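Input: a single structure, listed below in structure tokens.
The values are calculated or read from the model by the stated rules, or taken from the named source; none is laboratory data. This is a predicted model, so every value here is computed, not measured. Only protein heavy atoms, including side chains, enter the accessible area calculation; ligands, DNA and RNA are left aside. Shrake-Rupley method; radii C 1.70, N 1.55, O 1.52, S 1.80 Å.
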Amino acid sequence: MCGINGFNFNNREIIDQMNLATKHRGPDGVGVFIDANVSFGHNLLAIVETPANAFQPLVSNDKNFALIYNGEIYNYHDLKNQLIAQGLSFATNSDTEVLFKGLQTEGLDFVNKLNGMFAFAFYDKRAEKIYLARDYGGMKPLYYYCHNQEFIFSSELRGIFCHKSVERKIDLNSLGVYFSLGYVPGQKTLIENIFKVCPGQFLVFDLAAKKITKSWYGYQRPQAIINTFNPVDFRNLIGAAVKKHTMDLRPFGLYLSGGLDSTMILHELSKISKEKIKTYTTAFITKNKELNEDAMLARQLCQDYQIEHHELLVGQNDFINSIEKTIATVEEPRYNFSLPAYWLLAQEAAKDITVVLNGNGGDELFLGYPRYLETLAINDRYAKYPDWLLDFWYSSKSWRKGELKTGQFWHLADLVSRWVYQNNINRLNQTQTAKIFKFNPKSDLLNLIAYLKSVDYPFIKNSLPDNLNQMGEMDRLLWLSDEDFLRTDKITMHFGLEGRFPFLAKEIVDYSNVLTSKEKLKNGQVKNISRLAYKNLLPDYIINKKKTGWYAPAVEWMHSDLGEMVKNVLSNGYYPATSGLFDLNYLRENFVEKEEHFSQSNIKKFLPVFAFQIWAKTMGLSL
């Protein structure tokens, strides 16, 4: 895991500044390549090889090719053998060298063979092009800026901000997406002229023409559907993926949530080596014992498996002191009030380990969220009744809630519309929105649908044949990649810690996409295949556990010091540069000061503006 930086001109001073800004991503070394056309920089966190053998940028002897790369390729041994069979030789045992020589030999077609998580920049001097790519799962972030003939890219926004030509201006056209979803999926960011490379996307910058072209890879669709589930085959896939994710030189651990997904990984790890495993979880100082139920299950699991377990106890003061640090680390505002706990846990885990596994992706692949049962119900209704009748019925419900303007309609036979319908987390109605926002946030849900379709995602244009699997795929590529994976990467890498996701191994994703959703939701039970495969192998208290959310005690703490912090942030004097966007007095008085009983739902009425103001201040942004 590393940091990559670069741009389309020669400037040693700026590339050094970029590497310094992202140095936390690679404490094991720093490297630079510069010629007349480009400047490439790299921060190294050596995982597979020793630092001396993993140094980047990799540059060909004739200086015609250069590579900077962030990530891990889990099938690089197989790919290396294929390249050796073609007559190539290797000086190291690193996946970086395999990627470098594969790209030189086979071009971008080589990327289709990769099984891993990555973001890279590849320079071809003879072709006068810079190639960027991001892994198909979206596990590694990659930002770019293209304006006034400057092309700049980095693993993090702070790298791009090293350039004085880049204005730290908020993109008001993206705010509506943020206030609807709590983050911005797709190519846009909340900063003008800064974009993301999307999951499974190639981006080619022509150094002569100063233009970008984009294309996609890795979105093959299954030709057939598997209608029967084999638990043994499924467990073998999971076990093989976990093993591949732990074959390195550095110490590793597991974020153990007490849920089914992370417990499946724990079980597979225990078959490799119990002595090497360390697990980590968070508990809270709270009056609400239910918020620590998952932590207690994690504790019990490690006693049962005889695994070394670390539990971080988080109190209100630690939590409050980490809020601004967390948002500064993620570089984007978030609706999630539990993020500081993730930040504190990563800080703690990094004291002992360099690689941490977690169970992210299991819910999306194996249909573990309760909302998938509602998706199934919507599916069945549209199969039985006319579209126009159901469109009117669902729309009328949203009219009453103030989610849609009267006269606007849902068309939920369209899966993008259905995804927005189920994932909209804006808790403000149209009247409240009009009072809070002094600008037009364009948070209209129909605008959000139009934006998602404008990204031209192949997985939207050519959807999976199974509608329920397609909804899981959209969750994985619209939410998991640009919300969960992005913040997980930023938080873990802030402490020089590499996060890994075994469930996103290519063979598991491919298997999940061909297995019928009827098996995954059999008998009305979410994540049925995981329960069936690991029944009698995992404790009953895990197999029979219902899906629960994981929350910090923000509701409880809102009546104490956290509430005072919220009031301060929602004051006009906290950050005047952006406070004029909102009627903060109305927001604070009606949803904070007058509120007697906070809930996870009603704190989301002020949380987006709260996070936005902290983000704007920590990033030094302007309108």
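Pull up all non-local amide H partners of Gly29: gap of 5 or more, or a different chain, and H-to-H distance under 5 Å with H placed in the peptide plane. Sorted by chain and number, the residues that satisfy this are Leu44. In terms of Cα atoms, the Rg and Dmax of segment 131-174 work out to 11.8, 32 Å. Surface composition of the chain: carbon and sulfur atoms hold 49% of the protein heavy-atom accessible area at a 1.4 Å probe. Translational diffusion coefficient of the chain (Stokes-Einstein, Kirkwood radius from Cα pairs, 20 °C, 1.002 mPa s): 85 µm²/s. When only C-alpha pairs under 8 Å and at least 6 residues apart count, what is the relative contact order of segment 471-623, in percent? Once divided by the residue count of segment 471-623, the mean separation gives 14 percent.
Per-residue Karplus couplings for segment 61-68, computed as 6.51 cos²θ - 1.76 cosθ + 1.60 with θ equal to phi - 60°, are listed in order as 4, 8, 6, 8, 10, 9, 9, 10 Hz, Gly and Pro entered as x. In plain terms, the bigger the Kirkwood radius, the slower the diffusion; for segment 11-154, with that radius from Cα pairs, at 10 °C and 1.306 mPa s, Stokes-Einstein puts D at 102 µm²/s.
Run the numbers on segment 198-253 and let me know its relative contact order in percent, using alpha-carbon pairs under 8 Å that are six or more apart. Write down the numbers at each step before the final one.
On the way: 24 pairs, mean separation 11.8, N = 56.
The value is 21 percent.
Using C-alpha pairs under 8 Å with a sequence gap of at least 6, the mean separation divided by the residue count of the chain gives a relative contact order of 16 percent.
Full extension of the chain between Asp78 and Asp352 gives 95.6 nm of extra length, using 0.36 nm per residue less the Cα-Cα distance. Based on the Stokes-Einstein relation at 20 °C and a viscosity of 1.002 mPa s, and on the Kirkwood radius from alpha carbon pairs, segment 508-616 is assigned a translational diffusion coefficient of 122 µm²/s. Relative intensity of segment 239-368 on a log10 scale, I(q)/I(0) at q = 0.11, 0.16 Å⁻¹, equals -0.41, -0.87, per a Debye sum over C-alpha point scatterers of equal strength in the absence of solvent. Accessible surface calculations at 1.4 Å, restricted to protein heavy atoms, place the chain at 38 Å² per residue. Between the alpha-carbon centres of segment 425-480 and segment 541-597 there is a gap of 24 Å.
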